[in-house]
Amino acid sequence: MMDQNDTPIFELDHITYAYNNQIALNDVSLTVRAGERIAILGANGSGKSTLLKILDALYFATRGTARAFGEPLTEDALQDEARAFAFRRRVGLVFQDPDVQLFSPTVWDEVTFAPLHLGLAQNEVIERAEWAMDLLNITKLRDRAPHRLSGGEKKKVALASVLALRPEVWLLDEPTASLDPRSTSRLLDFIDELTREGKTIITATHDLDIVEEIADRVVMFCEDHAITGDGGARAMLSNRERLIECNLIHAHRHRHDATGEEHIHHHLHAAPHEHEH
């Protein structure tokens, strides 16, 4: 589903980002339009998480230009409080590690924190928080301390804290990390629901098994921190040489006992999954 207003959600033009002179993103250009479902693929350390933090205005490009909703996405631009609030209401990031994201004393405090601090009326905050917790089936955790929850429960609380904002754009960093198969299946259902609502969803992952369920377009990073491919999900996943080059699949050596010969086969290792009927 595309926005009738053709202004892109994000426009990155030859951006570079460095941590302490170490390049994390190298000359990256990317345009994202409303309603797109994009998977950012790459091995650990290739720049996926950094890209999401640029899109969420947690980091700002060292070189190049970035725009969001047609406006400059810069530290100076977001010094304007009204502009910053408007941006934060529209874009939500779910971190790979929920322990980085969760800090409040109770789950309820966690889910209500962002809406309260973005100036929503208290009755609306309560309504949104109850709705988000009910949707993710974590109402029973309301008074629990987030740091005492399981990994899967923490992930749901992190999702609920963003869901309560009802953002237009979802940035998901390795969303299936630490989830068991059942929780992964439910997360995929949740992403599918966001798709039906026309949300823009950008997911950083190296879990190739989920890509065609969550994305129509793939943007691929290799280990030089640059985009090396951008295209339809099925076509990108069919390019085995590119997947090997970007360290997303790898070769296993098998010795055949009868001959003593060693052969190399390339494998794409699927995580266990289940189907609910």
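The values are calculated or read from the model by the stated rules, or taken from the named source; none is laboratory data. Just so you know, these numbers come straight off a predicted model, no measurement behind them. Cβ atoms come from the backbone with ideal geometry, glycine included; neighbour counts cover every protein chain shown.
What to note about this one:
- Answer residue from the range 9-48, given it is aliphatic (A, V, I, L, M) and outside any strand (DSSP E or B) and is surrounded by the most Cβ atoms within 10 Å (Cβ to Cβ) among those: I9
- Note on the range 49-147: enclosed helices (runs of 4 or more DSSP H) holding 3 or more residues that are surrounded by 16 or more Cβ atoms within 10 Å (Cβ to Cβ) and not assigned by TED's automatic domain parsing to the domain that holds L25 are 81-90, 107-117, 122-135.
- Residue in the range 212-223 that is touching a helix residue (DSSP H, G or I) at 6+ places or on another chain (Cβ under 6 Å), assigned to a strand (DSSP E or B), touching a residue at least 12 places away in the same chain (Cβ under 8 Å) and small (G, A, S) present: no
- Among the residues making up the range 148-173, those that are part of a helix (DSSP H, G or I) and closer than 18 Å to A129 by Cα are E153, K154, K155, K156, V157, A158, L159, A160, S161, V162, L163.
- Some residue of the range 73-84 being among the hydroxyl-bearing types (S, T, Y) and under 22 Å from D13 (Cβ atoms): yes
- Any pair with Cβ under 6 angstrom, 6 or more apart, that starts in the range 174-186 at a residue that is part of a loop (DSSP other than H, G, I, E, B) and ends at one that is of a type in the set (S, T, N, Q): E174/Q96; E174/T205; T176/T184; A177/Q96
- Annotation: of all residues in the range 171-200 being in contact with a helix residue (DSSP H, G or I) (Cβ under 6 Å, 6 or more places away or on another chain) and among the hydrophobic types (A, V, I, L, M, F, W, C), the one that is surrounded by the fewest Cβ atoms within 10 Å (Cβ to Cβ) is L188.
- Complete set of residues in the range 231-253 that are touching a residue at least 24 places away in the same chain (Cβ under 8 Å), surrounded by 13 or more Cβ atoms within 10 Å (Cβ to Cβ) and either in a loop (DSSP other than H, G, I, E, B) or not hydrophobic (A, V, I, L, M, F, W, C) (or both): C246, N247, L248, I249
- Among (1) in contact (Cβ under 8 Å) with a residue 40 or more places away in the chain; (2) in a loop (DSSP other than H, G, I, E, B), the one test that D6 misses: (1)
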